[in-house]
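Everything below concerns the one structure shown next.
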Amino acid sequence: HTRYEHDERQFNWKAFASRVTWLTVVISTTVLALMFYPRMPDYNVCNREFEWESILHSIMGLEPKVEYQVLISVINENRFGFVLESGTADIYHNSTLVGKWELDKPWEAKAGSITDKIAAINIKPGFAEGIALWKDFSRNELIFRINATITGSITWGRHKIYRISSSTPDVEFLVGAEYDRGLCKCTEYLTPT
């Protein structure tokens, strides 16, 4: 072998090693980015349909006021946890404020888990709006518009690594509709017997 051929092989080996290193870095970065790319947590409202009817019956009183416990199941498919530190929601019917929700204590959605949360909702519609709620419900047309604001932190183990705030304006919720219940332990809508 001549010295030139020996140098050419060494040069090609360095180029090959460099290309393999860069390819490994690109593939590793892509895999890690896909593994850790944030996904929006999904949720299901797990209360049974018929409970709404008993609530709306109580609204028909002279001073309607209902405190209702809504069971929500949340799935956090991310590799990071989330701690909800504060949250509020205003509940409207036909542009009239009829209810409120406020987070009473911090709540954690651990990484890769399904977590249940009971949200206490206060509905105080007033007499005339209570009748309007009942009429819409009896026609299966009761729609609440929910405006919510939340603040929390993304966590890695016990460490808070990023603070986040978000607002969800005008989310429509049709009372009595059969929404997805795949995250709930009880996956069927039950009716009283």
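The values are calculated or read from the model by the stated rules, or taken from the named source; none is laboratory data. Here the structure is a predicted model, which is why all the values come from computation and not from measurement. No Cβ is skipped: glycine too gets one built from the backbone with ideal geometry, and neighbour counts run over all protein chains shown.
Hey, Ala177 hits all of (1) in contact (Cβ under 8 Å) with a residue 60 or more places away in the chain; (2) aliphatic (A, V, I, L, M); (3) out of contact with any strand residue (DSSP E or B) (no Cβ under 9 Å at 6 or more places or on another chain) but one; which does it fall short on?
Ala177 satisfies all of (1) in contact (Cβ under 8 Å) with a residue 60 or more places away in the chain; (2) aliphatic (A, V, I, L, M); (3) out of contact with any strand residue (DSSP E or B) (no Cβ under 9 Å at 6 or more places or on another chain) except (1).
Test Pro106 against the criterion of being within 30 Å of Gly182 (Cα to Cα), at pLDDT below 90, loosely packed, with under 14 Cβ neighbours inside 10 Å and of a type outside the set (Ser, Thr, Tyr), and give yes or no.
Values: within 30 Å of Gly182 (Cα to Cα): yes; at pLDDT below 90: no; loosely packed, with under 14 Cβ neighbours inside 10 Å: yes; of a type outside the set (Ser, Thr, Tyr): yes.
Taking the combined requirement at face value, the residue does not satisfy it.
Of Ala128, Ala119, which residue is assigned to a helix (DSSP H, G or I) and among the hydrophobic types (A, V, I, L, M, F, W, C)?
Ala128
I want to confirm something. Restricting to the range 142-163 and keeping residues that are surrounded by 12 or more Cβ atoms within 10 Å (Cβ to Cβ) and hydrophobic (A, V, I, L, M, F, W, C), which single residue is modelled with the lowest pLDDT? If you could, list the steps in order and put the result at the bottom.
To start, the set of residues in the range 142-163 that are surrounded by 12 or more Cβ atoms within 10 Å (Cβ to Cβ) comprises 142-156, 160, 162.
Restricting the remaining residues to those that are hydrophobic (A, V, I, L, M, F, W, C) gives 142-144, 146, 148, 150, 154, 156.
Working: Leu142: 85, Ile143: 88, Phe144: 88, Ile146: 91, Ala148: 92, Ile150: 92, Ile154: 90, Trp156: 88.
The extreme case among them is Leu142.
Of everything in the range 72-94, what is in contact with a strand residue (DSSP E or B) (Cβ under 8 Å, 6 or more places away or on another chain), under 22 Å from Leu174 (Cβ atoms) and free of Cβ contacts under 8 Å to residues at least 60 places away in the same chain? Give them in sequence order.
Ile72, Asp90, Ile91, Tyr92, His93
Give the range 109-141 a look and list any residue that's under 27 Å from Met40 (Cβ atoms) and surrounded by 17 or more Cβ atoms within 10 Å (Cβ to Cβ), or say none.
If the condition is that a residue be under 27 Å from Met40 (Cβ atoms) and surrounded by 17 or more Cβ atoms within 10 Å (Cβ to Cβ), then Ala109, Ile114, Thr115, Ala119, Ile121 are the ones that fit.
Of the conditions (1) at positive phi; (2) in a strand (DSSP E or B), Asn140 satisfies every one except a single condition; which number is it?
Asn140 satisfies every listed condition except (2).
Given the criteria exposed (fewer than 10 other Cβ atoms within 10 Å of the Cβ), at pLDDT 75 or above and more than 29 Å from Asn140 (Cα to Cα), does Leu84 qualify?
On the way: exposed (fewer than 10 other Cβ atoms within 10 Å of the Cβ): no; at pLDDT 75 or above: yes; more than 29 Å from Asn140 (Cα to Cα): yes.
The answer is no for Leu84.
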